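The values are calculated or read from the model by the stated rules, or taken from the named source; none is laboratory data. Quick caveat, the model's predicted, so the values are computed rather than measured. Glycine also receives a Cβ, built like all others from the backbone with ideal geometry; neighbour counts cover every protein chain displayed.
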Amino acid sequence: MKALPLILLAPSEDKAPGGVVGRLTETQDQRWVRERLVALARAGSPEALKKAFEVKELALAKARSEALALCGAVPLLPALARYTGVAFQALDAATLPPATWTQVHILSLLRGLVRGDELVPPYKLKPAAIHGLKAHWRQALPTRLEALPAGPLWELLPGDSADLLRGWTRPRHTVEIFDASGRAVSHFSKKYRGLVARWLLTHQEGDPRKVLKGRLPGCQWAGVSENDRGGFALRLLVEP
């Protein structure tokens, strides 16, 4: 049987509200983050909270309220229903077979490595909000990463999220996104990472040679080379 493709995505700032109220199960590593986030929300000054969450006024009150709620029962939604940013809009997981949600894993600063069907509460968390947060996950993530099933792995991450995987040796494929003039696309790259993820899940194909034959709306494949992660980097050209 052909191994199914696996996809790594970054979380989004935008999140859907609501969900079924319940209590989060958590590992020791997840508890470390949650307890520090709750402590910040309880004792942090308005200036400290504003800096930590990088929001103000109503958005700041909401972020603080969500953090405080993590002490008890919270609204829970599957990760691929909770995250609603540009990449997740392009992925449009709601229109894919539910079984494919298990092939997506999201690098959450609150929960670590989260599978697409795993329950997630509403929250806001920036790396600078908790001292040592990124170092904590660099140390804690390898155990969960090594437990990922076999299959071609696609790292569809921006640089800050990819940095959390530094030192992980499992081979994985990446996608480099360029505009028609050959310049790297940064601001709109989230959309195209979502489109690539959708194609991989729709076609259940993770072989780079076959992915290169696929057609994505608004862009085209323009080449492939080896990357520094033991896999291949596919070059995606955004059409003008």
Selected residue (criterion: modelled with the highest pLDDT) from residues of region 150-191 that are surrounded by 11 or more Cβ atoms within 10 Å (Cβ to Cβ), hydrophobic (A, V, I, L, M, F, W, C) and part of a loop (DSSP other than H, G, I, E, B): L157
Subset of region 1-19 (residues that are out of contact with any helix residue (DSSP H, G or I) (no Cβ under 7 Å at 6 or more places or on another chain) and either closer than 23 Å to R64 by Cβ or assigned to a loop (DSSP other than H, G, I, E, B) (or both)): M1, K2, A3, P11, E13, D14, P17, G18, G19
Matching residues, region 84-129, being among the hydroxyl-bearing types (S, T, Y) and either touching a Pro at 6+ places or on another chain (Cβ under 7 Å) or without any contact (Cβ under 8 Å) to a residue 40 or more places away in the chain (or both): T95, T102, S108
Region 41-67 residues that are under 17 Å from E13 (Cβ atoms), paired with ones that are surrounded by fewer than 15 Cβ atoms within 10 Å (Cβ to Cβ) (beta carbon under 7 Å, 6 or more apart): K50/K56; A52/A128
Residue list for region 24-50, restricted to those being closer than 28 Å to T143 by Cβ and exposed (fewer than 12 other Cβ atoms within 10 Å of the Cβ): T25, Q28, R31
Selection from region 14-68 of residues that are β-branched (V, I, T) and either at pLDDT 90 or above or in contact with a Pro (Cβ under 6 Å, 6 or more places away or on another chain) (or both): V20, V21, T25, T27, V33, V38
All positions within region 70-101 that are surrounded by 18 or more Cβ atoms within 10 Å (Cβ to Cβ) and polar (S, T, N, Q): T100
